[in-house]
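> Sharing a structure below in structure tokens format, with a few things to ask.
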Amino acid sequence: MSSLDQPLTLRSGLRLGGRVALAPLTNTQSHADGTLGDDELRWLLRRARGGFSWISTCAAWVSEEGQAWAGQLGIASDAHLPGLRRLAAALGAEGVARVVQLHHGGAKAEVAPRRLSTGGPEGARAATAADLAQVTEDFVAAALRAKEAGFDGVEVHGANGYLFTQFLAPADNPRTDAWGGDLEGRARLLRDTTRAIRAAVGTDFALGVRLSPVDHFARRGLVLADSVQVGRWLAEDGVDFVHLSLGDVRGAPPHEPEAGSIVRAFRDALPPDVALFAPGGIWTLHDAEEARALGVDVVVLGRAGIAHPDWPRASAMPEFAPHRPPWTREALVEVGVGPAFVDYLERSAGMVVGGFARR
């Protein structure tokens, strides 16, 4: 039996039937007001039926000022609840773990009526203490909404340059108050929010955080030792899992190669009962088993999950050969990717045949 078939029970008691998760992929398939779109439901449901044990929504905005792109799912209002209930019920019927990723774009909330930031870059307003208290309240309200809708847990999006990363990264956080300066100050907003969510939802509802552990492109000051410490703090604050945002699950930090394996550093630092989720270049069963051997408890699929809605089953077949990008529009439609998602993928170089080049 593959290690991917082993069940896993999180701190909260949530049981996963296997070790393969669908990444919380931006797909722009919901409505302008954040209510669930039919194409978004179909996209997720097809992967649930394909054998994924863990299905996460895309990043869902927790407040209007946190919305980052058009077509983004929302969880900021009770008006979002009917669609969320529908999604939770459909996924629950397939027996998968169902999670909402909670998101605030901060200074990157490009479609929001106003943008909030650490220090007020052009076009954004520097967050006050009252603003930050409201951010925490909005995340708590969203988490309670997810629980009411029937989901099994939530993941706080603390990665990829959005609000919490903007506070964590020294280059993006010029503050000298209690939310800036040293690592403890820069991590305060994330920790306050995580603790408040745990207190509100109780211990029987899964809670995790996604982190960008190191700089990959621009140097923002995210270093592995600091991020590992944040992971330790989050474990103390009651999370069930830490989800790393990685381009290569096997890799070392690009700017700190001497630090060694990112995954290994986190697995060694986290308590055994805090699960480690990680993506990054996982296309085949061999790739996934390598990630598990490094210390990943649950492997997370992004691009492979787009092309192969049944990857957990198909990858076990000896003849399996993953379909890597670029993909044709027709091939994407065949695997349950809606028109808006295809259009979104076309805007990324190398994802869709002829897409990026002609724009």
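> For the stretch 314-327, how many residues are open to solvent by less than 60 Å² (accessible area, probe 1.4 Å) and either farther than 19 Å from I282 by Cβ or touching a Ser or Thr at 6+ places or on another chain (Cβ under 8 Å) (or both)?
3
> On to the next question. When you scan the stretch 100-118, how many residues do you find that are assigned to a loop (DSSP other than H, G, I, E, B), within 27 Å of L87 (Cβ to Cβ) and of a type in the set (K, R)?
Qualifying residue count, the stretch 100-118: 0.
> Evaluate the following for E65: is it open to solvent by 10 Å² or more (accessible area, probe 1.4 Å), assigned to a helix (DSSP H, G or I) and among the acidic types (D, E)? So that I can check it myself, show each step before the final result.
On the way: open to solvent by 10 Å² or more (accessible area, probe 1.4 Å): yes; assigned to a helix (DSSP H, G or I): yes; among the acidic types (D, E): yes.
Yes.
> Across the stretch 245-272, which residue is nearest to T165 (Cα to Cα) among those that are in contact with a strand residue (DSSP E or B) (Cβ under 9 Å, 6 or more places away or on another chain) and either aromatic (F, W, Y) or in contact (Cβ under 8 Å) with a residue 40 or more places away in the chain (or both)?
If we take residues in the stretch 245-272 being in contact with a strand residue (DSSP E or B) (Cβ under 9 Å, 6 or more places away or on another chain) and either aromatic (F, W, Y) or in contact (Cβ under 8 Å) with a residue 40 or more places away in the chain (or both), then S245 is nearest to T165 (Cα to Cα).
> Tally up the residues in the stretch 163-200 that are assigned to a loop (DSSP other than H, G, I, E, B), aromatic (F, W, Y) and under 19 Å from R232 (Cβ atoms), please.
0
> Then there is this: Here is a list of conditions, (1) over 18 Å from A206 (Cα atoms); (2) of a type in the set (D, E); (3) in contact with a His (Cβ under 7 Å, 6 or more places away or on another chain), and E155 meets all of them except one; can you say which number that is?
(1)
> The conditions are (1) over 17 Å from D248 (Cα atoms); (2) aliphatic (A, V, I, L, M); (3) part of a loop (DSSP other than H, G, I, E, B); (4) open to solvent by less than 60 Å² (accessible area, probe 1.4 Å), and V296 fails exactly one of them. Which is it?
Here V296 clears every test but (1).
> A further question follows. V209 fails exactly one of the following numbered conditions: (1) outside any strand (DSSP E or B); (2) in contact with a helix residue (DSSP H, G or I) (Cβ under 7 Å, 6 or more places away or on another chain). What is the number of that condition?
Unmet condition: (1).
> Among the residues of the stretch 304-313, count how many are in a helix (DSSP H, G or I) and surrounded by 16 or more Cβ atoms within 10 Å (Cβ to Cβ).
Here the count works out to 6.
Okay, residues lined up against (1) over 16 Å from the mean Cα position of the chain (by Cα); (2) among the basic types (K, R); (3) under 25 Å from G180 (Cβ atoms):
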{"site": "A48", "(1), (2), (3)": "yes, no, no"}
{"site": "S53", "(1), (2), (3)": "no, no, no"}
{"site": "A60", "(1), (2), (3)": "no, no, no"}
{"site": "W69", "(1), (2), (3)": "no, no, no"}
{"site": "A88", "(1), (2), (3)": "yes, no, no"}
{"site": "Q101", "(1), (2), (3)": "no, no, no"}
{"site": "A112", "(1), (2), (3)": "yes, no, yes"}
{"site": "L116", "(1), (2), (3)": "yes, no, yes"}
{"site": "A130", "(1), (2), (3)": "yes, no, yes"}
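> Suppose we keep only residues that are in a helix (DSSP H, G or I) and within 23 Å of H157 (Cα to Cα) within the stretch 265-287. Which one would you say is least open to solvent (accessible area, probe 1.4 Å)?
Applying the filter and picking the extreme gives F266.
> Can you tell me how many residues in the stretch 158-172 are open to solvent by 10 Å² or more (accessible area, probe 1.4 Å), over 18 Å from D131 (Cβ atoms) and in contact (Cβ under 8 Å) with a residue 60 or more places away in the chain?
Within the stretch 158-172, residues that are open to solvent by 10 Å² or more (accessible area, probe 1.4 Å), over 18 Å from D131 (Cβ atoms) and in contact (Cβ under 8 Å) with a residue 60 or more places away in the chain number 1.
> Restricting attention to the stretch 234-251, which residues are open to solvent by less than 40 Å² (accessible area, probe 1.4 Å) and within 20 Å of A293 (Cα to Cα)?
Just the residues of the stretch 234-251 that are open to solvent by less than 40 Å² (accessible area, probe 1.4 Å), to begin with: 234-235, 237-246, 249, 251.
Passing the criteria: F241, V242, H243, L244, S245, L246, V249, G251.
> Return the residues of the stretch 107-133 that are open to solvent by 40 Å² or more (accessible area, probe 1.4 Å) and under 26 Å from A88 (Cβ atoms); say none if nothing qualifies.
Correct list: V111 only.
> Filter the stretch 347-359 down to residues that are modelled with pLDDT of 95 or more and open to solvent by less than 20 Å² (accessible area, probe 1.4 Å), then give me how many there are.
1
> Does any residue in the stretch 122-148 that is on the phi < 0 side of the Ramachandran plot come within less than 9 Å, Cβ to Cβ, of a residue that is among the aliphatic types (A, V, I, L, M) and open to solvent by 40 Å² or more (accessible area, probe 1.4 Å) six or more places away or on a different chain, and which pairs are these?
A129/A178; V140/A199; V140/A200; A141/A200; A143/A200; L144/A200; K147/A200
> Within the stretch 220-233, can one find any residue that is open to solvent by less than 30 Å² (accessible area, probe 1.4 Å), among the aliphatic types (A, V, I, L, M), under 21 Å from V154 (Cβ atoms) and part of a helix (DSSP H, G or I)?
yes
The values are calculated or read from the model by the stated rules, or taken from the named source; none is laboratory data. Everything quoted here is computed from the prediction, not taken from an experiment. A quick note on method: Cβ atoms are made from the backbone with ideal geometry, for glycine too, and the neighbour counts reach across all protein chains shown. Calculation scope for accessible area: heavy atoms of the full protein, side chains included, ligands and nucleic acids excluded. Shrake-Rupley method; radii C 1.70, N 1.55, O 1.52, S 1.80 Å.
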